[in-house]
Amino acid sequence: LKEERLCPDDPGRIVQDWDAFRARLRATGEAVQIGDFPWGVFGTARELMGVEELLVSFCTRPAMIKDMMQHLTTLWISLWERVAEEVQIDQIHIWEDMSGKQGSLISPKMVREFMMPCYDRIADFCRSAGVRLMSVDTDGDCSELVPIMMEHGVNYFLPFEVQAGNDILEYRRRYPTLGIMGGLDKRALAGTRADVDIEVARAAEMLEFGRYLPGFDHLIPPDARWDNLAYAAQEIKKLCYASGTQ
């Protein structure tokens, strides 16, 4: 796969009408994000191997896992460099999904040894290209990951699942410079209007601190009530416009 499908020098990887894209950016003012599901240092390796095989391989084939992560990082940076020649990149997003309700799927030691050298390379690219946001998406309890990844350039996290024990107000207290998205309990959408009001109030408090984008903590569940979702969206929109977060 590395030689056949993941060659950084493949000139056909980006097919883009750059003039049209730049004209669109001028007209809309929208931001440019690079990266999304399913790519990440842990995340893509997980998608290629399956989570169980990957986790075992951290112990049984560590050299291969390090090579995989480094090669993927080389591939991504080669693509980003091409994009950065044409437009300003505003955000690089890394999808990991490497936590459960008990915490990280690998130890902090493994995070530092296997993943953070790649994050250092991504952070170096961000600095050289003037990219302001380096974000990570990981589900579950991310309390072990946030301080480590912040040391290596990450300044924006999501979605802070409440049912995994994440409290965005506590994260804000501990990490005042961290960009936070999410952290509102999606389970409230299946409850009463009073349940939703609690989450709206949490969003209002977070917006007062700044560096926050309100949202429910992952995909909206199928038992959510439409009237609750519509009400929450309207109330949160009011808060964002009142705070200038538009």
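Among the numbered conditions (1) more than 23 Å from Gly140 (Cα to Cα); (2) open to solvent by 70 Å² or more (accessible area, probe 1.4 Å); (3) modelled with pLDDT under 95, tell me where Ser78 comes up short.
Of the numbered conditions (1) more than 23 Å from Gly140 (Cα to Cα); (2) open to solvent by 70 Å² or more (accessible area, probe 1.4 Å); (3) modelled with pLDDT under 95, the odd one out for Ser78 is (2).
Looking at this structure, is Val146 in contact (Cβ under 8 Å) with a residue 12 or more places away in the chain, more than 20 Å from Phe58 (Cα to Cα), under 15 Å from the mean Cα position of the chain (by Cα) and assigned to a helix (DSSP H, G or I)?
Working: in contact (Cβ under 8 Å) with a residue 12 or more places away in the chain: yes; more than 20 Å from Phe58 (Cα to Cα): yes; under 15 Å from the mean Cα position of the chain (by Cα): yes; assigned to a helix (DSSP H, G or I): yes.
When the stated conditions are applied, Val146 passes them.
Failed condition for Thr177, given (1) closer than 23 Å to Pro38 by Cβ; (2) open to solvent by 30 Å² or more (accessible area, probe 1.4 Å); (3) in a loop (DSSP other than H, G, I, E, B), with all others met?
Among (1) closer than 23 Å to Pro38 by Cβ; (2) open to solvent by 30 Å² or more (accessible area, probe 1.4 Å); (3) in a loop (DSSP other than H, G, I, E, B), the lone unmet condition for Thr177 is (1).
Mind checking which residues of the range 187-226 are open to solvent by less than 40 Å² (accessible area, probe 1.4 Å), touching a Leu at 6+ places or on another chain (Cβ under 8 Å) and either of a type in the set (Gly, Ala, Ser) or part of a helix (DSSP H, G or I) (or both)?
Within the range 187-226, Leu189, Val196, Glu199, Val200, Ala203, Ala204, Met206, Leu207, Gly215, Ala224 qualify.
Under the condition of being hydrophobic (A, V, I, L, M, F, W, C) and open to solvent by less than 10 Å² (accessible area, probe 1.4 Å), which residue from the range 129-147 is farthest from Asp97 (Cα to Cα)?
My answer is Met134.
Condition check ((1) open to solvent by less than 50 Å² (accessible area, probe 1.4 Å); (2) part of a helix (DSSP H, G or I); (3) farther than 27 Å from Met110 by Cα) across all residues:
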residue: Pro8; (1), (2), (3): yes, no, no
residue: Phe21; (1), (2), (3): yes, yes, yes
residue: Arg24; (1), (2), (3): no, yes, yes
residue: Phe37; (1), (2), (3): no, no, no
residue: Ala45; (1), (2), (3): yes, yes, no
residue: Leu48; (1), (2), (3): no, yes, no
residue: Ile65; (1), (2), (3): yes, yes, no
residue: Met68; (1), (2), (3): yes, yes, no
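The values are calculated or read from the model by the stated rules, or taken from the named source; none is laboratory data. The model shown is predicted, which means the values in this text are computed figures rather than measured ones. A quick note on method: Cβ atoms are made from the backbone with ideal geometry, for glycine too, and the neighbour counts reach across all protein chains shown. Ligands, DNA and RNA are excluded from the accessible area calculation, which covers all protein heavy atoms including side chains. Shrake-Rupley method; radii C 1.70, N 1.55, O 1.52, S 1.80 Å.
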